[in-house]
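Undergrad: Attaching a single structure in structure tokens format; questions to follow.
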Amino acid sequence: MTNFERMFRKEIVEQPAYNAGIAIDRFQEVYGVPCLAKLDSNENPYGPSPRAIEAARGSTSNLASYPDAGTSTLRAAIAGKFKMEADQIVTGNGSEDLIALIYTTVLSRGEQVVTTCPSFGPHETGAQSCGADAQKIQYKNDWSFPIDGVLEALSKRPKVLMFASPNNPAGPAISEQDFDRIVSALTPETLFVFDEAYVDFIDPSHRFDAVAKLGKTELPWISLRTFSKAYGLAGARIGYAICSYCSISGSLMKARSPFAVNGAAIAAAEAALADTEHLEMAVAKIVSERARLRHALSTRGYTVAPSQTNFLFFDCGENGDAFAERLRRKGVLTKGWFEEPYLGWVRVSIGTVEQNDAFLMILDSIT
Ligand SMILES: Cc1ncc(COP(=O)(O)O)c(C=O)c1O
């Protein structure tokens, strides 16, 4: 540790850097080759609704003014969609911002968080940043949800249970039966944060309404959503939390950065939410390509995790980061996973037909 690192909390200094995807401009600068397919950040290749782009453009006439700190009209629209009160909704600068907000407002040093392995990095690191312990329950080899381990961990009354379904980076969604078992086992001492970033990509046969189910309980819970994936607004940075009680959302509202969500993001999100046709078009194309790409990877001999998302996770048979680096040098961006025991796995987002073909062509050229 240098002297200056001593100024910072040990939990932060000791953390690994976030394994972020690379922006296209930066990629071209660093690698000196054109980007054929950016498939490293689970973005939506069809982008947002044209109405969202127009709304964001329109908002620029207001750049001199602060946005509405309460994001009131957007929260009302979201609340309408879920039949909740606007006061139960909290918006953030992406749902990543909300993960950090929830942890910093809820956790004290030494408290326990339960999540899964593999997991979306901030579910673990966000807890550790607060000095909490993150217990990770590993998925089974067949990629079924580790229900027994989670129930066992819940019996010790952790402060927070946070996991994503569908899971990032692997892709499977929890079954309704396992979800019900978790809800039955939860007690009011544990805040359940159910991260539904990829909910729109779930096949109808696997779908259930978690918010409606949780709404029938008296438990403390939060469902996390984002406009970054199915709505194609990753660059706008906007997500939201649906909270079981106004006492939960009210505390988050007090602690959040008041202008965390900018005016263009608010305008774009409102318009995107209203354009269900665009959403359905993008999701249908992605889901169809997911099946094609999965088949293409399987026929090449790769083991691919079942996916209810806009990405696939496959065992590349060597170090995942080295493999992804070979793809990157030829213009295809994917993500090698850095979490034990998945160091041999690579996550590839579902792109357009052309991008997926480019990925397969480059994959064949490096193997
Ligand atoms: C499971 C999960 N939750 C939350 C996020 C954060 O999304 P954003 O901050 O863009 O809303 C991501 C992004 O990849 C994710 O995979």
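Undergrad: Is there a residue in region 173-190 that is of a type outside the set (Val, Ile, Thr), near the ligand (Cβ under 10 Å from one of its atoms) and out of contact with any Leu (no Cβ under 8 Å at 6 or more places or on another chain)?
TA: Going residue by residue through region 173-190, those that are of a type outside the set (Val, Ile, Thr) are 173, 175-181, 184-186, 188-189.
This time we only want the ones that are near the ligand (Cβ under 10 Å from one of its atoms), so: none.
Within region 173-190 (the criterion being of a type outside the set (Val, Ile, Thr), near the ligand (Cβ under 10 Å from one of its atoms) and out of contact with any Leu (no Cβ under 8 Å at 6 or more places or on another chain)), the answer is no, since none of the residues qualifies.
Undergrad: Another one. Run Ala305 past the list (1) within 16 Å of the ligand (Cβ to nearest atom); (2) in the same structural domain as Pro188 (by TED's automatic domain parsing) and report the number of the one that doesn't hold.
TA: (2)
Undergrad: Okay, moving on. In the set Phe201, Phe192, Phe163, which member is among the aromatic types (Phe, Trp, Tyr) and more than 25 Å from Val304 (Cβ to Cβ)?
TA: On inspection, the qualifying residue turns out to be Phe192.
Undergrad: So how many residues does region 234-256 have that are of a type in the set (S, T, N, Q) and within 24 Å of Ser61 (Cβ to Cβ)?
TA: Counting residues in region 234-256 that are of a type in the set (S, T, N, Q) and within 24 Å of Ser61 (Cβ to Cβ) gives 0.
Undergrad: Name the residue that is nearest to the chain's Cα centre (by Cα), counting only residues in region 175-207 that are hydroxyl-bearing (Ser, Thr, Tyr) and surrounded by fewer than 19 Cβ atoms within 10 Å (Cβ to Cβ).
TA: The qualifying residue nearest to the chain's Cα centre (by Cα) is Ser175.
Undergrad: For region 200-221, what are the residues that are within 16 Å of the ligand (Cβ to nearest atom), in a helix (DSSP H, G or I), out of contact with any strand residue (DSSP E or B) (no Cβ under 7 Å at 6 or more places or on another chain) and not aromatic (Phe, Trp, Tyr)?
TA: Scanning region 200-221 gives a single hit, Asp200.
Undergrad: A follow-up question, please. For Thr276, are the conditions met, namely being surrounded by fewer than 23 Cβ atoms within 10 Å (Cβ to Cβ) and either among the acidic types (Asp, Glu) or over 20 Å from Lys81 (Cβ atoms) (or both)?
TA: Here the answer is no, as Thr276 does not meet what is asked.
Undergrad: Which ones in region 8-48 are assigned to a helix (DSSP H, G or I) and either under 18 Å from the mean Cα position of the chain (by Cα) or within 20 Å of Gly331 (Cα to Cα) (or both)? Talk me through it step by step, then tell me what you get.
TA: Step one: of region 8-48, the residues assigned to a helix (DSSP H, G or I) are 10-13, 24-31.
The answer is Ile24, Asp25, Arg26, Phe27, Gln28, Glu29, Val30, Tyr31.
Conditions (1) closer than 30 Å to Glu354 by Cβ; (2) free of Cβ contacts under 8 Å to residues at least 40 places away in the same chain; (3) surrounded by fewer than 18 Cβ atoms within 10 Å (Cβ to Cβ); (4) in the same structural domain as Ala267 (by TED's automatic domain parsing), marked per residue:
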position	(1), (2), (3), (4)
Lys10	no, yes, yes, no
Asp25	yes, yes, yes, no
Cys35	yes, no, no, no
Asn42	yes, no, no, no
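Undergrad: Moving on. Pairs, please: C-beta under 7 Å, at least 6 apart or cross-chain, first residue under 15 Å from Gly317 (Cα atoms) and free of Cβ contacts under 8 Å to residues at least 60 places away in the same chain and in region 335-351, second of a type in the set (Asp, Glu) and part of a loop (DSSP other than H, G, I, E, B)?
TA: Short answer, once both residue conditions are applied: Gly344/Glu318.
Undergrad: If we keep just the residues of region 227-239 that are near the ligand (Cβ under 10 Å from one of its atoms), of a type outside the set (A, V, I, L, M, F, W, C) and surrounded by fewer than 24 Cβ atoms within 10 Å (Cβ to Cβ), which is farthest from the chain's Cα centre (by Cα)?
TA: Gly235
Undergrad: Quick one: in region 95-114, of everything that is within 11 Å of the ligand (Cβ to nearest atom) and surrounded by 24 or more Cβ atoms within 10 Å (Cβ to Cβ), which residue is farthest from Gly235 (Cα to Cα)?
TA: Looking only at region 95-114, we keep the residues that are within 11 Å of the ligand (Cβ to nearest atom), and these are 95-100.
Now restrict to residues that are surrounded by 24 or more Cβ atoms within 10 Å (Cβ to Cβ): 95, 98-99.
Working: Ser95: 13, Leu98: 16, Ile99: 18 Å.
Among those that are within 11 Å of the ligand (Cβ to nearest atom) and surrounded by 24 or more Cβ atoms within 10 Å (Cβ to Cβ), it is Ile99.
Undergrad: With Leu279, Leu363, Leu327 as the choices, which residue is closer than 13 Å to Asp40 by Cα and hydrophobic (A, V, I, L, M, F, W, C)?
TA: Within the list Leu279, Leu363, Leu327, the selection yields Leu327.
Results for (1) closer than 28 Å to Thr73 by Cβ; (2) acidic (Asp, Glu); (3) assigned to a helix (DSSP H, G or I), shown as yes or no for each residue.
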residue: Ala260; (1), (2), (3): yes, no, no
residue: Glu270; (1), (2), (3): yes, yes, yes
residue: Leu279; (1), (2), (3): yes, no, yes
residue: Ile286; (1), (2), (3): no, no, yes
residue: Arg292; (1), (2), (3): no, no, yes
residue: Gln308; (1), (2), (3): no, no, no
residue: Leu312; (1), (2), (3): no, no, no
residue: Glu318; (1), (2), (3): no, yes, no
residue: Glu325; (1), (2), (3): no, yes, yes
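The values are calculated or read from the model by the stated rules, or taken from the named source; none is laboratory data. Values in this document were obtained by computation on a predicted structure and should not be read as measured data. Ideal geometry is used to build each Cβ from the backbone, glycine not excepted, and the neighbour counts take in all protein chains shown.
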